[in-house]
Every structure is written in C-alpha cells, then in structure tokens.
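One structure is given here, and the rest of the page talks about it.
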Amino acid sequence: MTGEPILEVRDLCVDYGLGDRAVRAITDASLTLHRGEVLGLAGESGSGKSTLAYALTRLLRAPGVITGGEVRFHGRDGSLDLLAADAAALRRVRWNQISVVFQSAMHALDPVARIDAQLTDALRAHRSGLTAEQRTGRAVELLRLVGIDADRLRSYPHELSGGMRQRVMIAMALALDPEIVVMDEPTTALDVVTQREILTELMRLKDELGFAVVFITHDLSLLVELADTIAIMYAGRLVERGPARELFEGPRHPYTVGLLDSFPALHGERVRMEGIPGSPPALTALPTGCSFHPRCPFALERCAVDFPPTATPAGGSAVRLAACWLHEGGRELPAPLARSLGSTL
Ligand code: SF4
C-alpha cells in the first residue's frame, strides 16, 4: 500500500563531464515515488538507472553533473528542493532521511573496522545526543532487525558470509530510520537462496518501518514480486513506466518486451529465450531519433529521426506511460505489444 508523494522528479537531466566534452547521461526523467512504495528501476548495464537514482537523491558523484530539472523531497521535516539544497541541508537529509544499500558489501564496508564500529559511526555523526551505551544498544537492535545475532557485533567483515555482510549494509542504511532507501542491485553478488531470503526480509522491514524504496536492478523478473511500480530505462531515458503487474502482463514498449523475453517465465512451457539483438549504445554515440531503433524489430521510418513523446498507451491505466511511436494515432500494435492484461503470467 503506498501513500502521498515523497519524491517528485521532473525533467531531470544529467551530464557526465563539462563543456564540449560533456555527454548526456539522463534526459528529461520524470517520476514520482510515494511513501511506502517500491519503485523498481530496470534496464541493461549502462542504461542510466544508477545515475538516475543517485542524481535524484543528490548522491551523484563527479564527473556526474545535474544540468536541469526539479527534485522535491517531501520529508518528515518539510518539503525541500533537493537540487537547490546547500551542503548543510543535504547533510541533514543523507542517511537520516535518504540512505543507500550499495551493491557490493565487501567494497562498501571498511575491512579493518569491526561491525559495531561501523554501525555506531553513523549514529555518532547524526545522533550526537546518544551515549556510547545507547549507540551499542541500537547497533544490537539493528543487527537483530536484519536477522544477525548480537555476538557478531565484534566481527570484522571478512569473518561474515556474503549474505551477512549485505544484511549489515541494510542495517546501516536503516540505522537512522530513513524515509527513502536506495538499493543498488543489493543482492546481485549473492546466490539465489540467500538473495531470496534477504529480499523477503527487506520487504518485511519495509512494511514494518514504512520507508519507500528505489530498487535498481538489471533483472526485471525480480521486480514483479518486489515492486509496486516499475520504470524501464534505455540510453538515459525512461521509456516505459507503470504498475508492476500491469507492465509485466502487458508491456507496451518494444524494449520492455525484449527485457522480459530475456528471462525465463516462472510458469508455463519451456521456451527459447529471444533476448535483444545488439548492445546498448555508448552515451558518446547515441543514435538519432529513438535510441532503441537500431535494435527494435518494429522500427518505423520516423523512429530514426524523431524521439517519440511519452504518453499513456491505449488500454493502460492513467499512470502508465510509454515512449514509442507505435502508440501514435491508434495504429494496430504488433502482437507482443498487444498482449492484454492478465495473459502472460
Ligand atoms: Fe521501436 Fe520506434 Fe518504438 Fe523506438 S519508437 S521503440 S524504434 S517502434
């Protein structure tokens, strides 16, 4: 169940580099994250999903530069224009209200610091009123929250399994009771059993604590179970967006169809995976028109010239959007895009 908007993003643009050598990494991205919602950002490597997630939470590092747009964060302390916020305002928001679970816990955790020190660091920096004893108490509570015994507090990261390290990362991200947690492929490096355990745990915590999630993954099939809403990215643009199940059951963009065809179905007959021919374009050499046209089996003549507007496709709910010329003028859709809802799962 999701609530009021907590993050509103309009026409966000991001470049890598400055001046003549800058390349456009994100173009005119608009989306809204609601309280308690899981928003999945999916796409192939290099599609811009991590860049978008880090830009909209002002966690983007150089050479990434936000060059336009608007991001409003409606936190518990009021509304804040994140793009205009100064360093002090951002410090108050980061970890307190918006936190991150990074992809590789082994690289994100300090290898020479014990788990208790790493957990209490954030508390010391952001909750100066807490005593050492209270910080340790909170660290124990956080470990328990993610299913780790308190006797692991004095362990070093290398003494924990990959799954436990990732749980510690989640505990750190939740330490200050954030309102938004960005999860950047948090379980990619783990085996499928551990992945499932951790994701189940995460969803339980989200329901219990009420934070919203921006979940980045290249694995679209993962999002059908996790996400409320899915946004598909290609070459730095949001090309399709909609409620998770609706998008799975009736994709309306050829790229989404290709992504879905790259993963085996959960049920039904075994079929050969089609995948998507070719590779995503380099940001330095984006095709003209719709960036997907060199790989698109349904490309029209104008696709190589003009980028399609983002619009609600026929038959989709009001919050459903796709950027594809095939939806213009009520033309008949090719079969994979004409799937009616409820026909594929
Ligand atoms: Fe394919 Fe054209 Fe749609 Fe792009 S706009 S996805 S090239 S049909």
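Remarks
- Just so you know, in segment 276-320 the residues that are within 13 Å of the ligand (Cβ to nearest atom), surrounded by 13 or more Cβ atoms within 10 Å (Cβ to Cβ) and not in a loop (DSSP other than H, G, I, E, B) include one that is nearest to the chain's Cα centre (by Cα), and it is 310.
- Residues that are more than 18 Å from residue 29 (Cβ to Cβ) and either open to solvent by less than 50 Å² (accessible area, probe 1.4 Å) or free of Cβ contacts under 8 Å to residues at least 60 places away in the same chain (or both), drawn from segment 71-83: 74, 75, 77, 78, 79, 80
- Flag if residue 55 is in contact (Cβ under 8 Å) with a residue 40 or more places away in the chain and in contact with a Leu (Cβ under 7 Å, 6 or more places away or on another chain): yes
- Filter result (within 17 Å of the chain's Cα centre (by Cα) and either within 14 Å of the ligand (Cβ to nearest atom) or crowded, with 24+ Cβ neighbours inside 10 Å (or both)) within segment 242-259: 242, 247, 256, 259
- Identity of the residue in segment 197-226, open to solvent by 10 Å² or more (accessible area, probe 1.4 Å) and small (Gly, Ala, Ser), that ends up farthest from the chain's Cα centre (by Cα): 210
- Filtering segment 137-157 to residues that are in a helix (DSSP H, G or I) and within 16 Å of residue 197 (Cβ to Cβ) leaves 143, 144, 145.
- Hits in segment 294-345 (condition: polar (S, T, N, Q) and at pLDDT 85 or above): 310, 312
- Some residue of segment 117-136 being under 20 Å from the mean Cα position of the chain (by Cα), surrounded by fewer than 17 Cβ atoms within 10 Å (Cβ to Cβ), over 21 Å from residue 206 (Cβ atoms) and of a type in the set (A, V, I, L, M, F, W, C): no
- Subset of segment 145-162 that is in contact with an Asp or Glu (Cβ under 7 Å, 6 or more places away or on another chain) and closer than 19 Å to residue 200 by Cβ - its residue that is surrounded by the most Cβ atoms within 10 Å (Cβ to Cβ): 146
- Residue match in segment 124-146 (condition: within 20 Å of residue 208 (Cβ to Cβ) and in contact with a Lys or Arg (Cβ under 7 Å, 6 or more places away or on another chain)): yes
- Filtered residues of segment 163-175 (kept if under 13 Å from residue 116 (Cβ atoms) and open to solvent by 20 Å² or more (accessible area, probe 1.4 Å)): 172
- Of everything listed in (1) polar (S, T, N, Q); (2) modelled with pLDDT of 90 or more; (3) open to solvent by less than 10 Å² (accessible area, probe 1.4 Å), the single unmet condition for residue 187 is (2).
The values are calculated or read from the model by the stated rules, or taken from the named source; none is laboratory data. Bear in mind the structure is a predicted one, so any value in this text is a computation, not a measurement. Positions of Cβ are backbone-derived with ideal geometry, glycine not excepted, and every protein chain shown enters the neighbour counts. Side chains are part of the model used for accessible areas, which takes the heavy atoms of the whole protein and leaves out ligands, DNA and RNA. Shrake-Rupley method; radii C 1.70, N 1.55, O 1.52, S 1.80 Å.
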